[in-house]
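Asker: This is the structure I have questions about; it appears just below.
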Amino acid sequence: MIGTTTLADYLVKAGERLPEEADRVLEALVTEGDMNKEDLSLLSRVKRAVLDHVIMQLYALGLVEVSTEGKSKICSLTKLGQEYISLMEEKKAG
């Protein structure tokens, strides 16, 4: 039997399973906006090989979008990603 879970509860549980690097990536996207993977790697202090895995996890959850501009992959926060950030900030606040 499938129980009912709210989206907020789902996001909180999913967030608990994300690696700590995911928080730094999301924080960089919030403060700096859309950017390519190279800049994102530098600003979030996440190794490029690890960043690719983290971005795929965040993409699968719908928190980030990845688009192509020339040869660069541009990462951006989605509306759901913004909601997730707000939810996590509320949870930390108490």
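The values are calculated or read from the model by the stated rules, or taken from the named source; none is laboratory data. These numbers come from a predicted model, not from an experiment. We place every Cβ from the backbone using ideal geometry, glycine too, and count neighbours over all the protein chains shown.
Asker: When the residues of region 9-43 are narrowed to those that are assigned to a helix (DSSP H, G or I), more than 12 Å from the chain's Cα centre (by Cα) and of a type in the set (A, V, I, L, M), which ends up farthest from Val54 (Cα to Cα)?
Answerer: First pass over region 9-43, keeping only residues assigned to a helix (DSSP H, G or I): 9-17, 20-32, 37-43.
Now restrict to residues that are more than 12 Å from the chain's Cα centre (by Cα): 9-10, 12-13, 16-17, 31-32, 37-39, 41-43.
Now restrict to residues that are of a type in the set (A, V, I, L, M): 12, 42-43.
Values: Val12: 17, Leu42: 14, Leu43: 14 Å.
Ranking the candidates gives Val12 first.
Asker: Oh, and also: Could you say whether any residue in region 59-77 is among the aliphatic types (A, V, I, L, M), assigned to a helix (DSSP H, G or I) and touching a helix residue (DSSP H, G or I) at 6+ places or on another chain (Cβ under 8 Å)? Lay out the reasoning, then the answer.
Answerer: Just the residues of region 59-77 that are among the aliphatic types (A, V, I, L, M), to begin with: 60-61, 63-64, 66, 74, 77.
Filter once more, so that each one left must be assigned to a helix (DSSP H, G or I): 60.
Subsequent filtering for residues that are touching a helix residue (DSSP H, G or I) at 6+ places or on another chain (Cβ under 8 Å) retains none.
No, region 59-77 has no match at all.
Asker: Could you list all residues from region 4-52 that are acidic (Asp, Glu) and under 15 Å from Leu80 (Cβ atoms)?
Answerer: From region 4-52, those acidic (Asp, Glu) are 9, 16, 20-21, 23, 27, 32, 34, 38-39, 52; that's our starting set.
Residue satisfying the conditions is Asp9 alone.
Asker: Search region 72-92 for residues being of a type in the set (Lys, Arg) and within 25 Å of Lys37 (Cβ to Cβ), and hand back the single one that is modelled with the highest pLDDT. If you could, list the steps in order and put the result at the bottom.
Answerer: Of the residues in region 72-92, the ones of a type in the set (Lys, Arg) are 73, 79, 91-92.
If we keep only those that are within 25 Å of Lys37 (Cβ to Cβ) as well, we get 73, 79.
Values: Lys73: 93, Lys79: 96.
That would be Lys79.
Asker: For the subset of region 61-82 comprising residues that are within 15 Å of the chain's Cα centre (by Cα) and among the β-branched types (Val, Ile, Thr), which member is surrounded by the most Cβ atoms within 10 Å (Cβ to Cβ)?
Answerer: Only one residue tops the list, namely Val64.
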